[in-house]
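Have a look at the structure below, then the notes.
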Amino acid sequence: MLNNRSTAHVVPSWDTCIEALFDAHLPIKFAFTGRLSLHDITRDGFYVLRRNICSFPILDDVFRFKFCPLEPIYVVNCIQENPYELSLEGPKQASHAINDRGVFLSREILQLTMDSKFGLQCDSSLYDYVQLFKCKLIAAESKNVVSRTTRGFVDVGYVASRARMLAKFVARQMSGPDPLIRCMDHQLEIHLKEIKRSIETSVIPLGMLKVGSYFERALLFKVIADRVHLPAALVRGQYGKAWIEIAVPEAWRILGSLSF
């Protein structure tokens, strides 16, 4: 359907169907368009190929048929290792469990153990990143502002400052053991080989990456931004480049430029 664009001239609703397909499955949208807009919110179960040099894989098939793609697949699964939390009534399933948000996996695959290399692994590191950045927001802003943001209300006056803060945060997480080393691509290749050897699969939880180039950093920025309601678009360019586009209101951008 996606490759047969000539049919769009015959079927009037063809483009509408394509848009509906993309909106329902963001991994496919990003693979074919190379872009996630401000309104495309990544959720647990979102995944991308490191490089679009092979056919787009269906993650459900990767787990079901237990094959290991040559190209790494980065997966977003922002939950802790223990999907249960304590309450006054006793243990209960956490509200952020993958079963509630894993829209890209079948029920059969979701029933696999979370620590299996052929199941969607927990990513407590990514969860910790999000919680740590929220703490930094509370320290830099007022707690009331952060709580309003958590409920989905974005104060436009904080968009630019949060974007700068998140960019620095991502850079620190993705700089590896020695941030002064400039050969980042070589570090990343070695790092990916070590991860794949340790978890015995090419399906890599995003939080496991401690070294990242353009795409890895942009992806981590987008994932965290979506969870703090920072409007950000993820764009994949050519030659391994990727970047983030931030929607900064015009009035605040002008005021910010006048303040320097």
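The values are calculated or read from the model by the stated rules, or taken from the named source; none is laboratory data. What you see is a predicted model, and the numbers here were worked out from it, not measured in a lab. Here the Cβ is made from the backbone with ideal geometry for all residues, glycine too, and neighbour counts use every protein chain on show.
What the table below lists for this structure:
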item: Pairs, first surrounded by fewer than 24 Cβ atoms within 10 Å (Cβ to Cβ) and at pLDDT below 95 in the range 213-224, second in a helix (DSSP H, G or I) and not polar (S, T, N, Q), C-beta under 8 Å, six or more apart; result: SER213/MET184; SER213/ASP185; SER213/LEU188
item: Neighbours by Cβ (under 6 Å, 6+ apart or cross-chain): first from the range 227-248, among the small types (Gly, Ala, Ser); second assigned to a strand (DSSP E or B); result: ALA232/ILE244; ALA232/ILE246; ALA233/GLU245; ALA242/ARG236
item: Lone qualifier among LEU36, LEU21 - being modelled with pLDDT of 70 or more and under 17 Å from the mean Cα position of the chain (by Cα); result: LEU36
item: ILE204 being in a strand (DSSP E or B) and out of contact with any Ser or Thr (no Cβ under 8 Å at 6 or more places or on another chain); result: yes
item: Count of the range 190-238 residues which are within 20 Å of the chain's Cα centre (by Cα) and either of a type in the set (Asp, Glu) or at positive phi (or both); result: 3
item: Residue match in the range 198-219 (condition: over 27 Å from GLU245 (Cβ atoms) and among the aliphatic types (A, V, I, L, M)); result: yes
item: Single residue of MET184, MET208 found to be closer than 22 Å to ASP44 by Cα and either touching a helix residue (DSSP H, G or I) at 6+ places or on another chain (Cβ under 8 Å) or not aromatic (Phe, Trp, Tyr) (or both); result: MET208
